1. Go through region 96-148 and count every residue that is within 16 Å of the ligand (Cβ to nearest atom) and among the acidic types (Asp, Glu).
2. Taking residue 4 as the residue in question, decide whether it is within 29 Å of residue 63 (Cβ to Cβ), hydrophobic (A, V, I, L, M, F, W, C), within 11 Å of the ligand (Cβ to nearest atom) and modelled with pLDDT of 95 or more.
3. When region 93-145 is examined, which residues are found to be touching a helix residue (DSSP H, G or I) at 6+ places or on another chain (Cβ under 7 Å) and small (Gly, Ala, Ser)?
4. From the residues in region 50-69 that are more than 8 Å from the ligand (Cβ to nearest atom) and small (Gly, Ala, Ser), which one is farthest from residue 19 (Cα to Cα)?
5. Any chance you could count how many residues in region 105-127 are free of Cβ contacts under 8 Å to residues at least 12 places away in the same chain and among the aliphatic types (A, V, I, L, M)?
6. What about residue 89, is it surrounded by fewer than 17 Cβ atoms within 10 Å (Cβ to Cβ), away from the ligand (no atom under 12 Å from the Cβ) and either under 23 Å from residue 17 (Cβ atoms) or at pLDDT 95 or above (or both)?
7. Among the residues of region 74-123, count how many are more than 30 Å from residue 140 (Cα to Cα) and under 23 Å from the mean Cα position of the chain (by Cα).
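The values are calculated or read from the model by the stated rules, or taken from the named source; none is laboratory data. This structure is a prediction, so every number in the text was calculated from the model and none was measured. FYI the Cβ positions are ideal-geometry reconstructions off the backbone, even for glycines, and counts take in every protein chain you see.
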Amino acid sequence: MSTLFAFLHHLFAFTLVAALAVELVLIHQDLTVANARRLLRADAMLGISAGLLVVVGVPRIVWFEKGIDYYAASYPFLVKIGIFLGLAIMSLMPTVEFLSWRKALRAGQLPVVDEKRRRMIQATIHGELMGVVVILLCAAMAARGGWV
Ligand code: HEM
């Protein structure tokens with residue numbers, strides 16, 4: 001079970017990073033109806049993979065790895081979870097924006113996106129990817145109990 005959950009954890013983490021990368025590429029391109037629909041799908045994939053990371057991560061904390069006492073006392077792990085929660089909050093703004101496009105897209109129309117809002121979404125996705133890099137460092141440190 002430990003191996004299965006470790007595999008699923010990595011699978012969902014890679015899916016989350018892929019979804020963020022797809023969003024970043026699409027949001028830098030000209031907005032078309034097809035690209036807007038792709039952005040909505042990539043954002044759904046991002047949300048689902050983040051949710052599944054929690055579903056798989058909690059049993060790993062409690063049963064399949066070093067136990068809850070270890071992780072509760074691990075600063076890298078606590079930082080990792082703090083950043084993960086921060087990213088979840090950050091991702092709300094792009095998600096709300098993408099969801100607001102649904103009515104226009106259902107009518108086959110291009111959603112109207114303010115240029116300032118578009119730049120904010122670009123900056124947010126960049127920030128989320130940087131956050132994931134720090135999460136990876138914290139994950140490696142938490143698994144090994146320190147820096148070296
Ligand atoms: C973007 C989100 C996340 C990424 C990229 C990520 C990445 C990773 C990676 C790469 C490892 C393997 C570390 C190693 O063995 O060197 C790991 C381990 C782990 N992660 Fe995550 N993780 C994420 C979110 C979460 C969440 C939300 C939880 C808990 C709810 C969690 C719980 C764990 C646990 C318990 C381990 C095992 C650590 C150990 O071996 O002692 N992760 N994570």
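1. Residues meeting the conditions: 1.
2. Values: within 29 Å of residue 63 (Cβ to Cβ): yes; hydrophobic (A, V, I, L, M, F, W, C): yes; within 11 Å of the ligand (Cβ to nearest atom): no; modelled with pLDDT of 95 or more: yes.
Spelling it out, it is not the case that residue 4 is within 29 Å of residue 63 (Cβ to Cβ), hydrophobic (A, V, I, L, M, F, W, C), within 11 Å of the ligand (Cβ to nearest atom) and modelled with pLDDT of 95 or more.
3. 108, 127, 131, 139, 142
4. Taking the candidates together, the pick is 67.
5. Qualifying residue count for the region: 3.
6. On the way: surrounded by fewer than 17 Cβ atoms within 10 Å (Cβ to Cβ): yes; away from the ligand (no atom under 12 Å from the Cβ): yes; either under 23 Å from residue 17 (Cβ atoms) or at pLDDT 95 or above (or both): yes.
It is true that residue 89 is surrounded by fewer than 17 Cβ atoms within 10 Å (Cβ to Cβ), away from the ligand (no atom under 12 Å from the Cβ) and either under 23 Å from residue 17 (Cβ atoms) or at pLDDT 95 or above (or both).
7. Final tally of qualifying residues: 13.
A quick yes/no check of all residues on (1) free of Cβ contacts under 8 Å to residues at least 24 places away in the same chain; (2) surrounded by 13 or more Cβ atoms within 10 Å (Cβ to Cβ):
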{"site": "64", "(1), (2)": "no, yes"}
{"site": "70", "(1), (2)": "yes, yes"}
{"site": "78", "(1), (2)": "yes, yes"}
{"site": "81", "(1), (2)": "yes, yes"}
{"site": "96", "(1), (2)": "yes, no"}
